[in-house]
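Colleague: I am attaching a structure below and will ask some questions about it afterwards.
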Amino acid sequence: MEKTLVLLKPDAVQRGLVGEIISRFEKAGLKMLAAKMVTPSENLANKHYPTERREFIEGMGQKSLETYAEAGLDAKAELGTDDPHEMGLKIQGWMVNFITSGPVMAIVLEGQDAIKKVRELVGHTVPAKAYPGTIRGDYSNDTPTLANKEKRPIMNLVHASGDKTEAEFEINLWFAPDELRA
Ligand code: ADP
């Protein structure tokens, strides 16, 4: 059995999709071990999206630059940089702003292969590329170019831990030990 952290981000809460999204996880056989609604502090948001994890920041910047190239846009002209690290830091700032902007539903799910299973149910980071049937594919059609033009992160409703190390770190970041005993 594996555990994973899921966040229903402010767009999911504002759009009234909490029940629908949780129900998809439950129908797929994942068990809710803990859940709470929080408006994250800036401190918590910065720990969740750590600027010191260089590969995370640069990876995000790199992926974003690729989407600019794909769309035939000049990242430097649009955003003032074409450096992956600088680009990643910019996006991290937008993510912190967004995730602290309103209530988030934090959930710990448990199940067989839960980390992979949840990410499959959630779908591609870019909703416009996410398959129908996935949460992001069914409820969003956002793109990085549109998002970045408006200086905000991609609205993709859900965060889900990427691997075991991340899951363990994130579960303990969002929940205190006595909230995980149920
Ligand atoms: P995932 O959430 O699918 O694991 P990442 O870890 O790569 O994806 O990115 C974290 C979050 O940052 C994404 O869910 C999305 O909200 C936002 N994000 C990622 N890349 C970009 C981008 N190029 N522009 C704006 N926001 C982005």
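Colleague: Quick check on my filter: what residues within segment 47-62 are over 15 Å from the mean Cα position of the chain (by Cα), within 12 Å of the ligand (Cβ to nearest atom), surrounded by fewer than 17 Cβ atoms within 10 Å (Cβ to Cβ) and touching a residue at least 12 places away in the same chain (Cβ under 8 Å)?
Modeller: 62
Colleague: I'd like to know if segment 109-121 contains one or more residues that are more than 18 Å from residue 1 (Cβ to Cβ) and either open to solvent by 50 Å² or more (accessible area, probe 1.4 Å) or in contact with a strand residue (DSSP E or B) (Cβ under 6 Å, 6 or more places away or on another chain) (or both).
Modeller: Among the residues of segment 109-121, not one is more than 18 Å from residue 1 (Cβ to Cβ) and either open to solvent by 50 Å² or more (accessible area, probe 1.4 Å) or in contact with a strand residue (DSSP E or B) (Cβ under 6 Å, 6 or more places away or on another chain) (or both), which makes the answer no.
Colleague: In the list 102, 80, 93, which residue meets the criterion of being open to solvent by 20 Å² or more (accessible area, probe 1.4 Å), out of contact with any Phe, Trp or Tyr (no Cβ under 6 Å at 6 or more places or on another chain) and farther than 19 Å from residue 55 by Cα?
Modeller: Criteria check complete, one pass: 80.
Colleague: A follow-up question, please. Can you tell me how many residues in segment 142-182 are touching a helix residue (DSSP H, G or I) at 6+ places or on another chain (Cβ under 9 Å), more than 14 Å from the ligand (Cβ to nearest atom) and open to solvent by 20 Å² or more (accessible area, probe 1.4 Å)?
Modeller: 3
The values are calculated or read from the model by the stated rules, or taken from the named source; none is laboratory data. The model shown is predicted, which means the values in this text are computed figures rather than measured ones. Reconstructed Cβ throughout: ideal geometry from the backbone, glycine too, with neighbour counts over all protein chains shown. The area values use the complete protein model at the heavy-atom level, side chains included, leaving out ligands, DNA and RNA. Shrake-Rupley method; radii C 1.70, N 1.55, O 1.52, S 1.80 Å.
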